[in-house]
1. Mind listing P(r) for region 160-200? All alpha-carbon pairs, 10 Å bins, whole percents.
2. Report the gain in length on full extension from Lys154 to Arg180: 0.36 nm times residue separation, minus Cα-Cα distance, nm rounded to one decimal.
3. Would you please give the residues with an amide H less than 5 Å from that of Gly145, counting only those at least 5 places away or on a separate chain, with H modeled from the backbone geometry?
4. Given a 10 angstrom Cα cut-off, can you work out which residue in Ala14, Ala105, Ala123 is the most mobile in a GNM of the chain?
5. Apply the Karplus parameterisation 6.51 cos²θ - 1.76 cosθ + 1.60, with θ equal to phi minus 60°, to every residue of region 190-199 and state each ³J(HN,Hα) to the nearest whole Hz, in sequence, with x for glycine and proline.
6. If amide hydrogens are placed 1.01 Å from N in the peptide plane, which non-local residues have theirs closer than 5 Å to the one on Val178?
7. Taking the C-alpha atoms of region 1-55, how large are the radius of gyration and the largest Cα-Cα span, Dmax, in Å?
8. At Ser12 and His28, where each label point lies 7 Å from the Cα along Cα→Cβ, what is the point-to-point distance in nanometres?
Amino acid sequence: MSVERVQQAYTSVAELYIELFGTAGKVHPDDLALVARHLGNRPGPVLDLGCGPGHLTDYLRGLGTDATGVDVVPEFIAHARATHPTGTYRLGSMDDLAIAEHSLAGILAWYSLIHRPPREFDAVLAGFRRAMAPGGSLVLGFFVGDEVDAFEHKVVTAYRWPPDEVAARLARAGFTEVERLLRLDDEVHRPHAAIAAVAR
């Protein structure tokens, strides 16, 4: 699926999305704790890729992290800059990070890969690894399924992933899994997983 299609889809619902998800208080405490453990107070720059309204970028900055939010949706970046004026937010795509190789201490990709078709997944992870310094941390959040399959997300088509498949692809890209979080028994939300990994 093209980045342009995802951008257009989120632009059409940006106001509602911000209202529903645009604060750290609407993120599960276990998820915030995982992000804090692996990206809090990192000694170097961290990118929050697909930052949306900027709430997790701001959360990271509150932990002492030099975090920058990046998103393809102008409405999200405008909201983030207005709501968190001391933060740094910019329009951009994870396909063109415009940074030096091996310059990042960390990447947060919180549900920002859910719309990427499986055929594109490895290339995106390889790009993350090129951007990351050895020992850098990646935290990735995604929907869980028994197999890789597409479903009709409320915004635009998304994909479920088995956690072991994500971990295997991370390993091929040059990352080592260090922690996994699964939440499968929530009757309100879709099954969720997050993996923290370190760049080898």
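None of the figures in this text is laboratory data; all of them are computed from the coordinates on show. Bear in mind the structure is a predicted one, so any value in this text is a computation, not a measurement. We place every Cβ from the backbone using ideal geometry, glycine too, and count neighbours over all the protein chains shown.
1. That works out to 30, 47, 20, 4, in percent per bin.
2. Working: separation 26, 0.36 × 26 = 9.36 nm, distance 2.59 nm.
Taking 0.36 nm per residue and subtracting the Cα distance, the gain is 6.8 nm.
3. Trp161
4. Ala123
5. Each residue of region 190-199 in turn: 5, x, 10, 9, 9, 10, 9, 9, 10, 6 Hz.
6. Here the answer is Ala196, Ala197, Val198, since their amide H atoms fall under 5 Å of that of Val178.
7. 13.7, 37
8. A separation of 2.9 nm, rounded to one decimal place.
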